[in-house]
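Novice: Right, I'll just put the structure down here and ask away after.
Since every read-out is calculated from the coordinates, none of them should be taken as a lab result. Everything numeric here is computed off the predicted structure, so don't read it as measured data. Cβ: placed from backbone, ideal geometry, glycine included. Neighbour counts: every protein chain shown.
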Amino acid sequence: MSTEILKRIINWAEGKEPWQRDAIRRICQQGQLTIDDVNELEMMCLTYRGMPVPDGFEVPEPLGLKAADIWVVEPTHQPVVLKKVSEVRNVNNLAEGQTLTFGESGLSIVYGDNGAGK
């Protein structure tokens with residue numbers, strides 16, 4: 001993930017309420033929220049809104065999002081690239097034995113009439 005995207009995510013999160021920033025941080029770190037996370041976030045929200053929390057519940061201090069908190073998965077394989085379509089039969093206007101070749105990068109456009117089998 002580019003540093004520009006990371007900065008944009010962090011800047012976006014900074015504009016949220018403290019309990020929301022903590023929720024975003026937890027999701028970025030863990031990939032999902034647990035039931036305990038939801039309960040703690042609910043208590044943070046109540047506290048932030050000045051509402052009472054159940055007796056005996058300790059409300060954790062909301063933590064903000066940092067670049068190190070964002071869960072980044074590096075690809076472990078090469079991307080799949082469609083290079084050509086060949087040896088087709090009964091595909092509308094593609095002649096039997098015709099080959100459509102695509103570029104390995106960028107955008108390839110296949111055009112034709114509606115119903116032509118694109």
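Novice: Whose amide H sits under 5 Å from the amide H of Val88, counting only residues 5 or more places off or on another chain, with H placed in the peptide plane?
Specialist: Answer set, sorted by chain and number: Gly97, Gln98.
Novice: Springs between alpha-carbon atoms under 10 Å, Gaussian network over the chain: tell me which of Pro79, Pro18, Pro62 tops the mean-square fluctuations.
Specialist: Among Pro79, Pro18, Pro62, the largest mean-square fluctuation in the Gaussian network model of the chain belongs to Pro79.
Novice: Something else about it: Provide the convex hull volume over Cα atoms per residue for the stretch 3-69, in Å³.
Specialist: Details: hull volume 4.9 nm³, N = 67.
Dividing the Cα hull volume of the stretch 3-69 by its residue count gives 73 Å³.
Novice: Follow-up. May I have the extent of the alpha carbons of the stretch 75-118 along their three principal axes, as whole Å values ordered from largest to smallest?
Specialist: 38, 20, 13
Novice: If you average the alpha carbon positions of the stretch 51-101 and of the stretch 2-31, how far apart do those two centres end up, in angstrom?
Specialist: If you average the Cα positions of each part, the centres end up 19 Å apart.
Novice: Given N residues in the chain, what is Rg(Cα) / (2.2 N^0.38 Å)? Could the numbers behind the result be given before it?
Specialist: On the way: Rg = 25.3 Å, N = 118, 2.2 N^0.38 = 13.5 Å.
Normalised by 2.2 N^0.38 Å, the Cα Rg of the chain equals 1.88.
Novice: OK, next. To the nearest 20 debye, what charge dipole does the chain have about its Cα centre, counting +1 at the Cβ of each Lys and Arg and -1 at the Cβ of each Asp and Glu?
Specialist: Computed about the Cα centre, the dipole is about 620 debye.
Novice: I've got another one for you. Nearest 10 degrees, 0 to 90: what angle lies between the long axis of helix 3-14 and the longest principal axis of the chain (Cα atoms)?
Specialist: On a 0 to 90 degree scale, this one is about 40.
Novice: By how many nm would the segment from Arg89 to Ile109 grow when fully extended, if each residue of separation counts as 0.36 nm and the alpha-carbon distance is taken off? Don't skip to the end; give the middle numbers.
Specialist: Working: separation 20, 0.36 × 20 = 7.20 nm, distance 2.10 nm.
My answer for the length gained is 5.1 nm.
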